[in-house]
Each structure stands twice: as structure tokens, then as C-alpha cells.
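Right, one structure below, let's go through it.
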């Protein structure tokens, strides 16, 4: 199967694009889906964003700039995918994987060498090093969770979070807005 064939099949899959919804209805479904997330997921996503936005404290380093540049890219991917799918589902993990795998690789190189810029060294800049290490660990966990979610989506878990199917699977709380599907 070629990449184009795979994308053509995805475009026909109703779990990837929900036809017949206006933009207002799509935003309403995305909001309901977000509200149906389990509490630990919301706490995790809040922590993740605090770590990412902490880059504002290190604007003199390219890692902080690349981290902050990745945020609107990630946001556009996440929101675009969620709107197209009529809510959050496991495929939305791609919105993190695409921009943050390169960011994590860049960070890894910066922590061990000067091939991609000045090495981030604990002795030379303890605060930057602590943030970079925290960022690396946080991104690694996030990417692992997102890869797992995408694999689960590929294996058939294509429900929108907040729907009855997602609730029955234990993936989210039931949203009154999404209870019918």
C-alpha cells in the first residue's frame, strides 16, 4: 500500500472525517470531548504545557525557541484533526508525534554533543540543563503515550472520547453532548 492509497482510505473513514457537521457543531463536539477526558489526562496535559511554556525562561537558547515554535504547529495539528474527526480520538496523538519527535531528537543531541548547537551542560547552565532534562523526560513520556494511542487507533479503537463507545471502553467519561455517538 502506498502512502497516497493509505491517505485516500483514511479520507473515506468516518472516524477520521465526520461529514455533515458545521464548524460550530465541530467546536462543540471537541469541547465536549475535552471535558470528558479523565482527570489524570487533564492534569498530565497541564503539566506538559507548563514544561513546554517554561521555555520562555530560556529564550537565549535555541532549544527554547524551537520548543516554543513547536507549540503553534502542534496546536494547529491537534485542533485541525479534532475538528475534522468531530472530537478527540486516539489518532490525535499524531499532532504531538509529528512536531515533537524531531524536537526530542534535537534535544537529545544537544544534551550529549555540540553537533546541533552548543551542548547543554549542567555545570555551565544548571537551570537550562534542569529544564532541558525535564523537557526531555516529559516529551519522551508524551510521545510514548501518543504512539500507543495511535497504535490503538490503528487496531480499531476509533471512538471519539466522550461518546458511549469510549465510555464503555473505559477511555473517558460520558459526555451528554456526545452520548448518541
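List of remarks:
- The range 81-154 shape via C-alpha gyration tensor axes, a/c threshold 1.5: prolate
- Put a dot 7 Å past the Cα of residue 98, heading toward its Cβ, do the same for residue 49, and the two dots end up 2.0 nm apart.
- Cα-based helix-to-principal-axis angle, 62-85 vs the chain, degrees rounded to 10: 0 degrees
- Sequence-distant contacts, meaning Cα pairs under 8 Å at least 6 residues apart, place the relative contact order of the chain at 29 percent.
- Paramagnetic label zone (point 7 Å from Cα along Cα-to-C-beta, residue 17; backbone N under 14 Å) in the range 74-100: 81-86
- In plain terms, the bigger the Kirkwood radius, the slower the diffusion; for the chain, with that radius from Cα pairs, at 37 °C and 0.692 mPa s, Stokes-Einstein puts D at 185 µm²/s.
- Using a simple spin-label model with pseudo-atoms 7 Å out from Cα toward Cβ, residue 56 and residue 133 lie 2.5 nm apart.
- Cα Rg over Rh - the range 15-103, Kirkwood: 1.03
- The alpha carbons of the range 22-67 occupy a box of 42, 27, 11 Å along the principal axes, longest dimension given first.
- Placing a pseudo-label 7 Å from each Cα along the Cα-to-Cβ vector at residue 155 and residue 28 gives an inter-label distance of 3.5 nm.
- With the helix formula -39500 (n - 2.57) applied to DSSP H stretches of n ≥ 4, the chain reaches a computed 222 nm mean residue ellipticity of -21000 deg cm²/dmol.
- Helix axis angle, 126-154 relative to the chain longest principal axis, alpha carbon, degrees: 30 degrees
No value in this document is a laboratory result; all are computed from the given coordinates. Because the structure is a prediction, the values reported are computed rather than measured. FYI the Cβ positions are ideal-geometry reconstructions off the backbone, even for glycines, and counts take in every protein chain you see.
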